[in-house]
Structure formats: structure tokens, C-alpha cells
Amino acid sequence: MSKQKLKATHQGELDINGFKISCAVLENGERVLVNRSLANAFGIKGSGAYWQAKKTEKSAALPEYLSAKYLQSYISDETKLKLYNTTSYINKAGIETEGVDATFLSDICDIYVRAGENGAFKNSPEIPRNAYSLLLALSKVAITALVDEVTGYQYIREKDEL
């Protein structure tokens with residue numbers, strides 16, 4: 001008997017400093033970022049070979065945007081464990097979708113930035129730059145949200161101000 005997939009109760013698209021990332025909140029409260037959307041935000045072109053291998057092997061694998069061999073030394077074992085099993089869910093349109101825990105975004109950005117600092121993206125220097133820009137934008141939103149929360153301003157600001 002197969003386990004029933006979680007369903008998205010809410011979904012939308014984050015616009016973080018011009019980077020658009022599809023996201024959802026699942027019925028168990030988990031917040032996820034859509035894997036293909038993440039790859040696009042970083043500027044990584046997808047490969048059909050990855051998805052075909054994933055379907056046929058039916059094994060745990062890192063998301064496509066982190067599966068390159070040259071990135072492996074930048075991904076800690078702890079992070080690999082977190083990312084091996086992405087969340088498969090049913091989106092609001094009834095389509096099976098794969099996502100990753102939204103809190104992993106900063107870890108993913110860190111992997112790209114460190115790899116870029118060591119020359120791993122000679123042919124695609126925009127990828128670590130995109131990751132760094134995302135990290136900066138996230139930190140600005142985070143500190144604003146924290147200040148709003150501790151001061152109570154979150155209750156009177158516009159709901160989509162952040």
C-alpha cells in the first residue's frame with residue numbers, strides 16, 4: 001500500500017530581489033520551494049538525463065541543481081542527508097511536484113558561493129553570484145521580519161511588505 005502524498009494548502013511565488021521561486025505550504029505545515037524553480041532561479045539549465053535516471057533508479061538522490069560531481073566536496077554529509085529525500089507533494093493544480101524544505105535555501109546558496117570561490121563555476125560565474133545575491137536579499141528580509149516581530153510592527157504593516 002503506497003503512502004498518500006501530502007497536498008499543498010497554499011502556494012505562490014517568492015520574488016526575492018528579482019529571483020522568482022515557486023513555493024508551497026503543505027497540509028502538515030511544511031514550507032517547500034519547488035526544485036525546478038530553484039534550479040531556474042540560480043540559472044542552472046536542467047537535464048532530462050537526471051530526471052530519467054531518478055525515475056528508473058527509484059533511489060534517494062540529491063536535487064538536480066546539486067548533483068554535479070564538482071559540487072560534492074562542498075556539501076556536508078549532514079546537508080546531504082537533509083537533501084537526499086526531497087518532498088513529493090500534490091500542488092493546487094493536482095500535479096505531483098518535488099520540493100525541498102524552504103529553510104535549506106541558505107545552505108544551498110552557501111554551497112554555490114563556496115564552490116564559486118574555489119573556481120568551480122568558471123563557465124557559469126553567474127551561478128555563485130546569483131546565490132550570493134539571494135543570500136543578501138534573504139538576510140535583509142530576515143532582519144526586517146525579526147525587528148517587526150519583536151516590536152509588534154508585523155501586525156500593522158502591509159501583509160506583503162516583506
Item checked: Flag for Leu146 being within 22 Å of Cys23 (Cα to Cα), in contact with a Pro (Cβ under 9 Å, 6 or more places away or on another chain), at pLDDT below 95 and in a helix (DSSP H, G or I) -> no
Next item on the list: Quickly run through segment 84-101 and pick out the residues that are crowded, with 17+ Cβ neighbours inside 10 Å and in contact with a Leu (Cβ under 8 Å, 6 or more places away or on another chain).
Entry: Thr87, Tyr89, Ile90, Gly99, Val100
Item checked: Among (1) more than 17 Å from the chain's Cα centre (by Cα); (2) at pLDDT 85 or above; (3) surrounded by fewer than 12 Cβ atoms within 10 Å (Cβ to Cβ); (4) not aliphatic (A, V, I, L, M) - the single one Gln52 does not satisfy -> (2)
Notebook entry, point to check: Among the candidates Ala93, Ala131, Ala120, Ala115, which residue alone is assigned to a loop (DSSP other than H, G, I, E, B) and in contact with a helix residue (DSSP H, G or I) (Cβ under 9 Å, 6 or more places away or on another chain)?
Noted result: Ala120
Next item on the list: Would you please name the residue that is nearest to the chain's Cα centre (by Cα), looking only at residues in segment 102-148 that are of a type in the set (D, E, K, R) and open to solvent by 30 Å² or more (accessible area, probe 1.4 Å)?
Entry: Asp107
Check: Considering Leu33, Leu38, Leu71, Leu62, which residue is modelled with pLDDT of 85 or more, open to solvent by less than 60 Å² (accessible area, probe 1.4 Å) and outside any helix (DSSP H, G or I)?
Finding: Leu33
Next item on the list: Among the candidates Leu135, Leu105, single out the residue that is hydrophobic (A, V, I, L, M, F, W, C), under 26 Å from His10 (Cα atoms), touching a Cys at 6+ places or on another chain (Cβ under 9 Å) and touching a residue at least 12 places away in the same chain (Cβ under 8 Å).
Entry: Leu135
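The values are calculated or read from the model by the stated rules, or taken from the named source; none is laboratory data. The model shown is predicted, which means the values in this text are computed figures rather than measured ones. Note that we place each Cβ from the backbone using ideal geometry, even for glycine, and neighbour counts take in every protein chain shown. For the accessible areas, the whole protein counts, side chains as well, though only heavy atoms, and no ligand, DNA or RNA atoms are used. Shrake-Rupley method; radii C 1.70, N 1.55, O 1.52, S 1.80 Å.
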